[in-house]
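Asker: The structure under discussion is supplied below as structure tokens; questions concerning it will follow.
Only the coordinates and a few stated rules stand behind these numbers; no lab work does. Quick caveat: nothing in here was measured; it's all calculated off a predicted structure. All Cβ positions, even for glycine, are placed from backbone atoms using ideal geometry, and neighbour counts span all protein chains on display.
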Amino acid sequence: MRRLFLLCSLLPFIIACTTLSNSGTLSQQKENLYCLEYSNGVLWEQVQSAFGDPAFSPKPEPGTNLSQNARGYKNLRVYFYTKSQKIEEEGKTRFKEVVYKVEICREK
Amino acid sequence: MLSLDDLLNKAKGQMQLFKGFRLQAKTQLTEALTICIPDMHLLEKRQTDDFCYGHPEYEERFLEFLDFLMALKQEHIDFEVIQVGDMYDLWQAKGNTNLIEAAYTNILGLIAELKPVYVVGNHDIDLVKWYETQKETFGRVWRYYTSINGKKTIIYEHGFQADFANNQSSWAGTIGREVTRIVGMMEYVNPDIDIILGSIWDGVSAAFNKYNVFTPVKDPEGFDLNEYQRYYLDLLEQYNEGKTLDHVGPDEMDLRMAVFGHTHNAKLVQMPQNGRIYYLMDCGSWVDGGHEIGIISGNEMAVCQWG
């Protein structure tokens, strides 16, 4: 009976604990997003076409090349794709997560 | 096959018998050295992380144990690793394995190298529930058997099946089952009840269907460990009589041992019943300061502690 009583009294807390939201799978999250995969050499035109004019266009740092610039956007979502990669560390097998793909997304 | 003593010698003092829990059966139980890793409860690294307690040396201790197993593998010693459930703690990690993988890349990578059998526990049961209809279980199994000459000798389960609210052979389990049925029937009466009630409904369903309402870990005084032993003793007898839904007949069953975790209380007992001697091994836990492991080699068995 003690357990039954505990069961009834704890039920609201249990339910509260079990209703933690689940964030869904990647494909579910991306349903309403337009994403551009980053790779070295992607054309700036493609970026601008995907995300519009940048919100931040900082001046070049002194001593830098005027043709190398940084541009920033607000309200974009970035996905880093990771996988576990085996490495050797002091003669032992160890693993590190590495990023093998990056996607930048905006809401459709 | 590497004997228990050989294994302890190879560990060079890092592995000891726990509380003298060591037994020898009259006949072989396994054809290979079998190493059972109990509850790990991996979750995000933060203050509530009860795997690390914020101490990297605790993680290092587990890595040393895995390094030892990797060294055995490199020596071509034949052994099988069985993780007996609750490897991930999805209750505390916001229901997602993603960040656990980021926090414990070394541990998870090394375990995967050992190609273990993953038995599902109540804290990582979501892995078999998320895509139940697609039969995606991420390599998790409800239970696992060791066989010799085509006969199953050992059953491995996490142990939550014996819990108060899940044990179908007790009055409490019967009530639990009926409540579960009523919860299920509500969806039959109104299929949209889950949509109408949203996350509250998910919580009700989960409380009765997935999660143990109580666990002996959280409420040790409310639990009688003998209940677990009695449950598994009865289960072994029933399965040997062919009373199982696992599509195996009595001809394939010669079960003499049950291995489980879940309670975080290591124990090893032998129980004679109806002309047989049954062995029940509760591997304890790796977390909560346990760092215990179950070892079975041929007819020998022990609960050991690492470090």
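Asker: Check the straight Cα-Cα distances from A:K59 and name the lysines below 22 Å, setting aside those fewer than 8 residues away within the same chain.
Answerer: A:K74
Asker: Now a separate question. I'd like the distance between the alpha-carbon centres of the stretch B:92-113 and the stretch A:21-64, rounded to an integer number of Å.
Answerer: Rounded to whole Å, the Cα centres lie 28 Å apart.
Asker: Assuming a ≥ b ≥ c are the square roots of the Cα gyration tensor eigenvalues, decide whether the stretch B:72-136 counts as rounded (a/c under 1.5), prolate (otherwise, with a/b larger than b/c) or oblate.
Answerer: Since a/c reaches 1.5 and a/b is larger than b/c, the shape of the stretch B:72-136 is classed as prolate.
Asker: Assuming a ≥ b ≥ c are the square roots of the Cα gyration tensor eigenvalues, decide whether the stretch A:58-108 counts as rounded (a/c under 1.5), prolate (otherwise, with a/b larger than b/c) or oblate.
Answerer: Values: a/c = 4.89, a/b = 1.61, b/c = 3.03.
In terms of gyration-tensor shape, oblate.
Asker: Amide H of B:S285: which non-local residues (sequence gap of 5 or more, or other chain) have their own amide H closer than 5 Å, using H built in the peptide plane?
Answerer: B:A266, B:E292
Asker: Also, I was wondering about something else. For the pair B:K12 and A:K92, how long in nm is the line joining their label points, each one 7 Å along Cα→Cβ?
Answerer: Distance between label points: 1.3 nm.
Asker: Lysines within cross-link reach of B:K115: Cα-Cα under 16 Å, excluding same-chain residues under 8 positions apart?
Answerer: Partners within reach: A:K86, B:K73.
Asker: Next up: Assuming 0.36 nm per residue, please report the length gained on full extension of the stretch B:R61 to B:D251 beyond their Cα-Cα distance.
Answerer: 64.1 nm
Asker: Please give the charge dipole size of the stretch B:56-136, origin at the Cα centre, charges +1 on K and R Cβ atoms and -1 on D and E Cβ atoms. Round to the nearest 20 debye.
Answerer: The dipole magnitude comes to about 280 debye.
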